[in-house]
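Structure first, then comments.
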Amino acid sequence: MQQLNRQYRKKDRPTDILSFPFHQAAAPEDFREWAVTEDDRNLGDMYLGMPYIAEQCRMHGETVGEHLPELLAHGLCHLMGYDHEQDADYRTMTKREQAILREYSKTREVPF
């Protein structure tokens with residue numbers, strides 16, 4: 001994962017998730033307009049650095065299962081064209097992640 005991060009993002013350190021979009025969106029908000037075919041909705045690939053994720057979860061007292069939905073929402077936002085390089089972009093992306101997580105929680109089965 002560190003090698004991918006170094007190669008594609010020029011950051012020589014491990015990371016939790018990397019997203020590689022198949023499409024270049026003009027703006028994330030345009031996603032619903034341009035993603036009309038099944039192929040368009042294939043947004044790209046996400047790579048998870050599970051050892052790094054597991055260590056981060058141990059350090060923060062949460063399980064991988066608890067943290068994974070947040071990571072996937074984050075990666076999905078990147079695939080749709082969101083980023084968090086600027087403060088305003090960070091706030092916009094965070095709101096979108098929260099909306100994705102709300103939808104996820106509505107459809108998630110509660111184990112008995």
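In this structure the chain gives 73 Å² per residue of accessible area when probed at 1.4 Å with all protein chains present. Across region 1-61 the C-alpha pair distances fall into 5 Å bins from zero in the proportions 4, 16, 19, 16, 14, 14, 12, 5, 1 percent. Note on residue 83 and residue 68: their simple-model spin labels are 3.0 nm apart, each label 7 Å out from Cα toward Cβ. In this structure the amide hydrogen of residue 44, modeled in the peptide plane, comes within under 5 Å of the amide hydrogens of 22, none closer than 5 places in sequence on its chain.
From the square roots a ≥ b ≥ c of the eigenvalues of the alpha-carbon gyration tensor of region 48-100, which class results: rounded (a/c under 1.5), prolate (a/b over b/c), or oblate? List each step's numbers first, then the result.
Details: a/c = 2.14, a/b = 2.06, b/c = 1.04.
Here region 48-100 falls in the prolate category.
The charge dipole of the chain, taken about its Cα centre with unit charges on the Cβ atoms of Lys, Arg (+1), Asp and Glu (-1) only, comes to about 280 debye.
Every helix of 4 or more DSSP H residues in the chain counts as -39500 (n - 2.57), and over all residues that averages to -16500 deg cm²/dmol at 222 nm.
FRET efficiency for residue 60 and residue 105, Cβ-Cβ distance as r, R0 = 25 Å, nearest 0.05? Could you put the intermediate results ahead of the total?
Numbers: r = 20 Å, r/R0 = 0.79.
The pair residue 60/residue 105 has a calculated efficiency of 0.80.
Using a 1.4 Å probe over the heavy atoms of the protein chains, calculate the carbon and sulfur portion of the accessible area of the chain as a whole percent. Carbon and sulfur together cover 50 percent of it.
The orientation-averaged projection of the convex hull spanning the C-alpha atoms of the chain amounts to 8.6 square nanometres.
The values are calculated or read from the model by the stated rules, or taken from the named source; none is laboratory data. In this text, all values refer to a predicted model and were calculated from it rather than measured experimentally. Quick reminder, even Gly has a Cβ in these numbers, built from the backbone with ideal geometry, and neighbours come from all protein chains shown. The accessibility values were calculated without ligands, DNA or RNA, using every heavy atom of the protein model including side chains. Shrake-Rupley method; radii C 1.70, N 1.55, O 1.52, S 1.80 Å.
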